[in-house]
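Quick notes on the structure that follows.
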Ligand code: DAT
Ligand code: MG
């Protein structure tokens, strides 16, 4: 059986702040394999497809705008239970509330009350992982 895979994104704030290496370090230190990696300046079409589940929500437009504001680093990560494991490494969505020890809790905060600037994305299920990996590693 091949290992589980997930899509991880280092968001534009993580790249701009020079935290890509620190985030990749944590993924590798946990024991996951970086199977593929690319830097992408995503267009609106890709971002709309990626965040389709959030269309119509109040934070949707600022989220899409932010995600297109600079390059992101897309990672195909591999390992047993990597989807759940990376969500745990990332921490809660709101970086101010995220627990210390997590990527968002240690490295993020509420810059201008912008919850969307929370450094990373991680797929939340096998179905979304498959869908999202298809979008970013087409
Ligand atoms: P997660 O990234 O933890 O899976 P999500 O899928 O619910 O969170 O939301 C996607 C992104 O949208 C999230 O990383 C940041 C942004 N977001 C979510 N809830 C928000 C809110 N209440 N206000 C502003 N941005 C929000
Ligand atoms: Mg999500």
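Each value in this text was obtained by applying a stated rule to the coordinates, not by laboratory testing. The shown structure was predicted, so the numbers you read here are calculated from the model rather than taken from an experiment. Every residue, glycine as well, gets a Cβ built from its backbone with ideal geometry; the counts of neighbours run over all protein chains shown.
In percent, how large is the relative contact order of the chain, given Cα pairs closer than 8 Å and 6 or more residues apart?
Working: 230 pairs, mean separation 50.3, N = 138.
In percent, rounded to a whole number, it is 36.
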Using the count of nearby Cβ atoms within 10 Å as a rough guide to exposure, how do 137, 86, 59 rank from fewest to most?
59, 137, 86
Extending each Cα 7 Å along its Cβ direction at residue 3 and residue 88, get the distance between those two points in nm, one decimal.
1.6
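Send over the semi-axes of region 54-105's equivalent ellipsoid, whole angstrom and largest first, taken as the square roots of 5 times the C-alpha gyration tensor eigenvalues.
On the way: eigenvalues 103, 52, 27 Å².
After scaling each eigenvalue by five and taking roots: 23, 16, 12 Å.
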Quick one: check the C-alpha center-to-center distance for region 68-138 versus region 17-49, whole angstrom.
9
How high is the relative contact order of region 1-74, in percent, with contacts defined as C-alpha pairs under 8 Å that are six or more residues apart?
52
Compactness ratio of the chain: Cα Rg over 2.2 N^0.38 Å, N = residue count?
0.97
With just the Cα atoms of region 67-138, tell me how far they stretch along each of the three principal axes, in Å, largest first.
34, 29, 16
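I need 37, 133 ordered by Cβ neighbour count within 10 Å, fewest first.
37, 133
Arrange 73, 82, 40 by Cβ neighbour counts within 10 Å, fewest through most, would you? Present the calculation step by step, with values, prior to reporting the outcome.
Values: 73 20, 82 26, 40 13.
Neighbour counts put them in this order, fewest first: 40, 73, 82.
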Return the calculated 222 nm mean residue ellipticity for the chain, to the nearest 500 deg cm²/dmol, obtained by summing -39500 (n - 2.57) across DSSP H runs with n ≥ 4 and dividing by the residue count.
-10500 deg cm²/dmol
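Between residue 138 and residue 16, take the C-beta separation as r, use R0 = 25 Å, and let me know the FRET efficiency to the nearest 0.05. Please report the intermediate quantities before stating the final value.
Numbers: r = 25 Å, r/R0 = 1.00.
Given R0 = 25 Å and the Cβ-Cβ separation, E is 0.50.
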Residue 126 versus residue 59, label points 7 Å from Cα toward the beta carbon: distance in nm?
2.8
